[in-house]
Amino acid sequence: MMVEARNIKALKIKNVDAIYIHIPFCDKKCEYCDFCTFVRMEKEYRKYTNYLIKEIRMYPKIKYDTIYFGGGTPSLLPVEMISEILNELDWSENAEITLELNPTDMTFEKLKKFRKIGINRLSIGIQSFQDHVLKFIGRQHSSEDAINVYKMARKAGFCNITVDLMFGIPNQTIEDLQRDLDILKVLKPENVSIYSLIWEEGTVFWSKLQKGILSEIDQDLEALMYEKIIDFFTKNGYCQYEISNFARIDGKDIKIGKIRKFEDLKKLQKNAGRHNLKYWRNQKFIGVGMSSASYFGDNRHSNERTFKKYYNLVDDERLPIDENTIEIVDEVESKKLKKMLGLRLIQEGIEYFEDEKVEKLIENGLLEKLTIRKKIATKEKKIESKVKNNENFSDKIVENTYEMRLRLTQRGMLLANDVFVEFI
């Protein structure tokens, strides 16, 4: 199903205010990575940027609330090229504009330039502060590099930084993880995203696993690491708002576990990544660039993963969609996605619904109910006074509206895949 640009522009795309921009270039391919990335291709930067802009122009003009440059390593591109891409986009005054970067490809001057052109959030791929762990997974930076780039980013004016942290790596110990957490306690990033190592087919790590050179970490140890991470951030002023994400809590007036109002949730999640929240809330979004995913209209799909196919389709004024990835999302499928993705949101969860499977999951301690005050409705009732001047006065009646929510317990987080299966 080839999609022509003129047909897309004719669509009235509703409720779309997020765009993901994939930059597929890296200095070095990490041994665990299966993303669509290519190394040592500086000569391709200019052409790829031009084609990204052409693809963006195929879509209707949208005022974006979030813009996310992912990869790969988007910060490898010259600032001028990132600026050219941004110039093709319109965004709201308080938009979140994120750029992923690695500690080895950044200078203070470049950080200041990124801040100047509109980037206001950084996602730093640190993964670990332990040099032997970084070397094992094939990262080029050192612990010192990671800390230095973080401090440079603060000095350059970035007030919204998220840090990636990995766990469950072969030969990684609980002590290694604890040292990583201790450093984060000092740095105090606004958001921390945690990832356990996934053995992806086709990666160097996968090959070594098949040959017996590497072996998977013990599942009990991996679960212990995850629980340690949750406990650490909970005790150190962070809110776990999603299975793999923690947002720093600014202010002492809101306490985790005592949420009774949606207003409190907003305060707790103030530093949460707005762009990714849109994914988990099953909102629609546009993805441009090779391999990027999109969800708009009635389908979800991904773009082509090779330069040749990507360029050729754009030249033909067709969206560079890989037809094999097109998935039609009807009303039934949309409801399933909303439940599965929404359950990843630890604090807000999903709207409660009666179902035997749900009740069984609650009984087994994997899900829990939560009642939250959603809004306050105020009505005014005119009552005639019997006082001498016969004036009317208003009597305010406050009505609380409550909503029953459903969310994962900590045990449910550990067995999340089993829970999600119930909603497929």
For this session: Please work out if I350 is over 30 Å from E263 (Cβ atoms), under 24 Å from the mean Cα position of the chain (by Cα) and either at pLDDT 85 or above or among the hydrophobic types (A, V, I, L, M, F, W, C) (or both).
Result: no
Exercise. Counting just the residues of region 117-170 that are in contact with a His (Cβ under 9 Å, 6 or more places away or on another chain) and hydrophobic (A, V, I, L, M, F, W, C), which one comes out farthest from K228 (Cα to Cα)?
Worked result: V149
Problem set entry | Selection from region 278-309 of residues that are under 19 Å from L337 (Cβ atoms), part of a loop (DSSP other than H, G, I, E, B) and open to solvent by less than 10 Å² (accessible area, probe 1.4 Å) | S292
Problem set entry | Flag for H275 being buried (at least 20 other Cβ atoms within 10 Å of the Cβ) and assigned to a strand (DSSP E or B) | no
Exercise. Touching a Pro at 6+ places or on another chain (Cβ under 8 Å), under 30 Å from N120 (Cβ atoms) and either open to solvent by 30 Å² or more (accessible area, probe 1.4 Å) or not aromatic (F, W, Y) (or both) - does that describe any residue in region 316-328?
Worked result: no
Exercise. Counting just the residues of region 231-269 that are touching a Cys at 6+ places or on another chain (Cβ under 9 Å) and either modelled with pLDDT of 95 or more or of a type in the set (K, R) (or both), which one comes out surrounded by the most Cβ atoms within 10 Å (Cβ to Cβ)?
Worked result: F246
Exercise. What tally of residues in region 220-232 results from selecting those that are out of contact with any helix residue (DSSP H, G or I) (no Cβ under 8 Å at 6 or more places or on another chain) and either in contact (Cβ under 8 Å) with a residue 40 or more places away in the chain or under 12 Å from V192 (Cα atoms) (or both)?
Worked result: 1
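Give I198, I229, I183, I194 a once-over and let me know the one that is assigned to a loop (DSSP other than H, G, I, E, B) and among the β-branched types (V, I, T).
Result of the check over I198, I229, I183, I194: I198.
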Problem set entry | Condition met for V192 (out of contact with any Cys (no Cβ under 6 Å at 6 or more places or on another chain), over 26 Å from T409 (Cβ atoms), touching a residue at least 40 places away in the same chain (Cβ under 8 Å) and aliphatic (A, V, I, L, M)) | no
Exercise. Pairs under 6 Å by beta carbon, first residue in a loop (DSSP other than H, G, I, E, B) in region 318-330, partner among the β-branched types (V, I, T) and open to solvent by less than 50 Å² (accessible area, probe 1.4 Å), six or more apart or different chains?
Worked result: L319/V3; P320/V314
For this session: Could you tell me whether M404 is in a helix (DSSP H, G or I), at pLDDT 70 or above and touching a Phe, Trp or Tyr at 6+ places or on another chain (Cβ under 8 Å)?
Result: no
For this session: Could you tell me whether any residue of region 351-363 is crowded, with 18+ Cβ neighbours inside 10 Å and within 27 Å of T37 (Cβ to Cβ)?
Result: no
For this session: Pull up region 33-43, narrow it to residues that are of a type outside the set (A, V, I, L, M, F, W, C) and open to solvent by 40 Å² or more (accessible area, probe 1.4 Å), then point me to the one that is modelled with the lowest pLDDT.
Result: D34
For this session: Mind listing whichever residues of region 202-219 are within 27 Å of the chain's Cα centre (by Cα) and either among the hydroxyl-bearing types (S, T, Y) or farther than 12 Å from I169 by Cα (or both)?
Result: G202, T203, V204, W206
Seminar exercise, completed: Taking region 55-80 and keeping residues touching a helix residue (DSSP H, G or I) at 6+ places or on another chain (Cβ under 9 Å) and closer than 30 Å to S143 by Cβ leaves Y68, F69, T73, P74, S75, L76, L77, P78, V79
Problem set entry | Filter result (within 20 Å of R121 (Cβ to Cβ) and hydrophobic (A, V, I, L, M, F, W, C)) within region 57-80 | I62, I67, F69, L76, L77, V79
Exercise. Across region 55-80, which residue is least open to solvent (accessible area, probe 1.4 Å) among those that are acidic (D, E) and in a helix (DSSP H, G or I)?
Worked result: E55
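The values are calculated or read from the model by the stated rules, or taken from the named source; none is laboratory data. These numbers come from a predicted model, not from an experiment. Here the Cβ is made from the backbone with ideal geometry for all residues, glycine too, and neighbour counts use every protein chain on show. Ligands, DNA and RNA are stripped out before the accessible areas are found, and what is left, the full protein with its side chains, is counted by its heavy atoms. Shrake-Rupley method; radii C 1.70, N 1.55, O 1.52, S 1.80 Å.
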